[in-house]
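Quick notes on the structure that follows.
The values are calculated or read from the model by the stated rules, or taken from the named source; none is laboratory data. No experiment lies behind these values; they were computed from the predicted model shown. Glycine gets a Cβ as well: all are built from the backbone with ideal geometry, and neighbour counts include every protein chain shown.
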Amino acid sequence: MRIPHTFLAAGLLACSTLAQAAPSYQVNVVLDTWYYGSIRAINNRGDAVGDIDSHGPLPTLYYDGTAGELVPMRRGSNLWLDLLGHMNNHGVVALTNVDRSGTGPYGYDAQLFDAATQQYTSLSKPMGYGASGASSINDAGVVVGYAEYDGGSGSPVTHATAWVNGVPADLGTLGVRSQATDINTQGTVVGDTGFANGATGAFLYQGGKMVALGTLGGASSWARAVNDSNVVVGGSATAGSALSTAFIYQNGVMADLGAGAGSEALDINAAGAVVGIANHRGFIYTGGKVTMLDQLLDPASGWTVREANAINDLGQIGATVCGGADNACVAAILNPVPEPSGYAMLLAGLGLVGLAARRRSLA
């Protein structure tokens, strides 16, 4: 079937108009304060979690993307702070609660926050005590992070851990310690393992086996996220520099993302779009190219992107942006322009073009 030139031209013109539209992202400030704010995770409903550095306890926030409003994340003490991890599409957040109320070492506790009930739940510890932390949760409710186990010599060992139905399972280590940082829908886990010489190595855990991902030539690497195609992103030292360089790992090969020294890839979505930080600027990697997100905003907005921490499958980015009337750095979501629904309308329109062409060819 051949599509008439008039229909093809119309479709290409529509594509061209969208492709040339600027800016590529609009800034939605979730909470505007004098203090430094960041969005740390975002799910496919557009819900997001973040934190605010108020030069004291680190308040956390949950943004309901459907209602467009904040949901309280209340704690019983202002001596507690939460280190936020990833969240799933049901609005459940993996986090590490740090209790600073004691006189001894801080207590670290793997927990979940459920936005629907506004409740926190502590995850069980292998020994009944010791430090633990939660980094990610998938839609099946499997949580990953780390926990302390009996090392057999009187000292606990820290290993990457998965909680299935609330029960912790030791994922092991390739060195002397390990931690898991993300899990995908299939249950593939990524993280990093620590060695006796102080170096760390990124790993992928699949089918009961932990595999080292290697480095970009330096001593250390660390994995930050994995998508459902088992593509891994993170950071690595290189042969010429101890500074982090963002990497992408796929088909058994680790490659430099191209963001330069001082960069780290922090998240990846189903389409393979990667976001991260490069020398205090947020970037996105798509189509084999790294672009600073500042370049994809309307210059008249006055915003610059300091951090790009998370990206969902709709292309929405959890970020820190700086600027505005107060020249503050605030928690924000970057929304693609046109919105995802605009792309859907375009595809539907091109589908109608194709249908009309087919009918004409059959007439």
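See the values below:
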| read-out | value |
| --- | --- |
| Residue in segment 136-149 that is in the same structural domain as A219 (by TED's automatic domain parsing), part of a loop (DSSP other than H, G, I, E, B) and farther than 27 Å from G91 by Cα present | no |
| Condition check for A48: modelled with pLDDT of 75 or more and either buried (at least 20 other Cβ atoms within 10 Å of the Cβ) or of a type in the set (S, T, N, Q) (or both) | yes |
| Failed condition for G234, given (1) touching a Phe, Trp or Tyr at 6+ places or on another chain (Cβ under 6 Å); (2) of a type outside the set (S, T, Y); (3) not in a strand (DSSP E or B) | (3) |
| Residue in segment 245-256 that is over 17 Å from the mean Cα position of the chain (by Cα) and either charged (D, E, K, R) or over 21 Å from G191 (Cβ atoms) (or both) present | yes |
| Residue selected from segment 147-173 under the condition more than 21 Å from A223 (Cα to Cα) and hydrophobic (A, V, I, L, M, F, W, C), by the criterion surrounded by the fewest Cβ atoms within 10 Å (Cβ to Cβ) | V167 |
| The one condition in (1) under 25 Å from L31 (Cα atoms); (2) at pLDDT 80 or above; (3) not hydrophobic (A, V, I, L, M, F, W, C) that G133 fails to fulfil | (1) |
| Every residue from segment 279-295 that is closer than 24 Å to T181 by Cα and either among the aromatic types (F, W, Y) or surrounded by fewer than 23 Cβ atoms within 10 Å (Cβ to Cβ) (or both) | N279, H280, R281, F283, Y285, T286, V290 |
| Which listed residue is in the same structural domain as M87 (by TED's automatic domain parsing), in a loop (DSSP other than H, G, I, E, B) and either within 24 Å of S229 (Cα to Cα) or among the basic types (K, R) (or both), from T193, T161, T185, T181 | T185 |
| Scope segment 296-330; condition exposed (fewer than 14 other Cβ atoms within 10 Å of the Cβ) and either touching a Gly at 6+ places or on another chain (Cβ under 7 Å) or among the polar types (S, T, N, Q) (or both); matching residues | N327 |
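Residues checked against (1) among the small types (G, A, S); (2) modelled with pLDDT under 95; (3) surrounded by 17 or more Cβ atoms within 10 Å (Cβ to Cβ):
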site: S77; (1), (2), (3): yes, yes, no
site: N89; (1), (2), (3): no, no, no
site: V92; (1), (2), (3): no, no, yes
site: G104; (1), (2), (3): yes, yes, no
site: I137; (1), (2), (3): no, no, yes
site: A140; (1), (2), (3): yes, no, no
site: G145; (1), (2), (3): yes, no, yes
